[in-house]
Amino acid sequence: MAKVRVRYTDYFAQTIQRMREDGLLLVTQGGDGKPNVMTIGWGTMGSIWSRPVFIVLVRPSRHTYSRLEQASDFTVNVPPRDLAAAASYCGTVSGRDHDKFQEMHLTPIPSREVRPPILKECVVHYECRTLHRNDVVPETLAQAVREEAYPGGDFHRIYFGEIVAAYADEDAAQRLPK
Ligand SMILES: Cc1cc2nc3c(=O)[nH]c(=O)nc-3n(C[C@H](O)[C@H](O)[C@H](O)COP(=O)(O)O)c2cc1C
């Protein structure tokens, strides 16, 4: 299936919907050149600094965090519903002691503009270069959110990635929620 260039807004609704259902797959690559994949349920896309931006939130305890601190790029991949089990697995075990690509039969293939690969089996892809990062500040966070999301601390770091390429399978619209 050919993957064709799209506007970053073309699959906005479907991307958010899939993020809320099973999660999206965030692929990073550290200084050692090894890629890793983890599931994200929190994030968004928009226009900031006159640029298209994908925002992801990653807790310091994740293996992905150390990769993002070593590199300035990442890819966000939208899994079709038949990859629900893979999304769940990639959101449960760590790349520190698992090769999630092999275990979940996810095929990393070269990206067009950044170093971390995309995932062949996913249907929409966003390649991103980090423009900015900052931390959730407990003192300025609503108390209800702090209690709900951070009972053990581990406050997210927020990564703002410029979307430098966006593309999708030709039949993406049929394979994603309406
Ligand atoms: C549906 C789902 C959504 C998740 N969303 C996030 C997220 O947005 N940020 C985060 O830091 N962890 C999130 N997680 C947890 C990580 O995916 C999980 O801890 C993962 O095993 C980390 O992998 P790593 O250690 O290889 O980086 C989510 C898990 C699931 C199942």
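The values are calculated or read from the model by the stated rules, or taken from the named source; none is laboratory data. All of these numbers come straight from a predicted model, not from anything done at the bench. A quick note on method: Cβ atoms are made from the backbone with ideal geometry, for glycine too, and the neighbour counts reach across all protein chains shown.
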Practice item. Name, by its number, the condition in (1) surrounded by 14 or more Cβ atoms within 10 Å (Cβ to Cβ); (2) modelled with pLDDT of 95 or more that does not hold for Gly30. Key: (2)
Exercise for review: With the condition kept exactly as written, say whether any residue in segment 121-132 is away from the ligand (no atom under 11 Å from the Cβ), farther than 16 Å from Phe160 by Cβ, surrounded by 15 or more Cβ atoms within 10 Å (Cβ to Cβ) and over 14 Å from the mean Cα position of the chain (by Cα).
Suggested key: yes
Check your understanding: Taking segment 30-41, which residues are within 12 Å of the ligand (Cβ to nearest atom), within 19 Å of Arg115 (Cβ to Cβ) and of a type outside the set (Val, Ile, Thr)?
Key -> Gly30, Lys34, Pro35, Asn36, Met38
Exercise for review: Considering every residue within segment 42-55, establish whether at least one is within 19 Å of Asp10 (Cα to Cα), away from the ligand (no atom under 14 Å from the Cβ) and among the β-branched types (Val, Ile, Thr).
Suggested key: yes
**Study point:** Enumeration of residues in segment 72-89 that are within 13 Å of the ligand (Cβ to nearest atom), under 22 Å from Arg133 (Cα atoms) and out of contact with any Ser or Thr (no Cβ under 9 Å at 6 or more places or on another chain)
**Key:** none
Study note, to complete from the structure: Checking Val27, Val37, Val76, Val56 in turn, the sole residue that is of a type outside the set (Asp, Glu), touching a helix residue (DSSP H, G or I) at 6+ places or on another chain (Cβ under 7 Å), in a strand (DSSP E or B) and touching a residue at least 40 places away in the same chain (Cβ under 8 Å) turns out to be Val37
Check your understanding: Name the residues in segment 10-24 that are in a loop (DSSP other than H, G, I, E, B) and either near the ligand (Cβ under 9 Å from one of its atoms) or closer than 17 Å to Leu119 by Cβ (or both), would you?
Key -> Tyr11, Asp22, Gly23
Point to revise | Matching entry among Thr44, Thr64 (being crowded, with 18+ Cβ neighbours inside 10 Å and either among the polar types (S, T, N, Q) or modelled with pLDDT of 95 or more (or both)) | key: Thr64
Review point. Looking only at segment 140-158, which residues are under 12 Å from Pro60 (Cα atoms) and either within 11 Å of the ligand (Cβ to nearest atom) or surrounded by 15 or more Cβ atoms within 10 Å (Cβ to Cβ) (or both)?
Key: Asp154, Phe155, His156, Arg157, Ile158
Review point. Tell me, which residue of segment 90-108 that is assigned to a loop (DSSP other than H, G, I, E, B) and near the ligand (Cβ under 7 Å from one of its atoms) is surrounded by the fewest Cβ atoms within 10 Å (Cβ to Cβ)?
Key: Arg96
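Just give me the residues in segment 109-139 being touching a residue at least 24 places away in the same chain (Cβ under 8 Å), in a loop (DSSP other than H, G, I, E, B) and farther than 25 Å from Phe155 by Cα, in sequence order.
Ser111, Arg112, Glu113, Val114, Arg115, Pro117, Glu121, Cys122, Val123
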Revision key, fill the gap. Residues in segment 3-23 that are under 11 Å from Ala87 (Cβ atoms) and either touching a residue at least 60 places away in the same chain (Cβ under 8 Å) or of a type in the set (Val, Ile, Thr) (or both) total 4
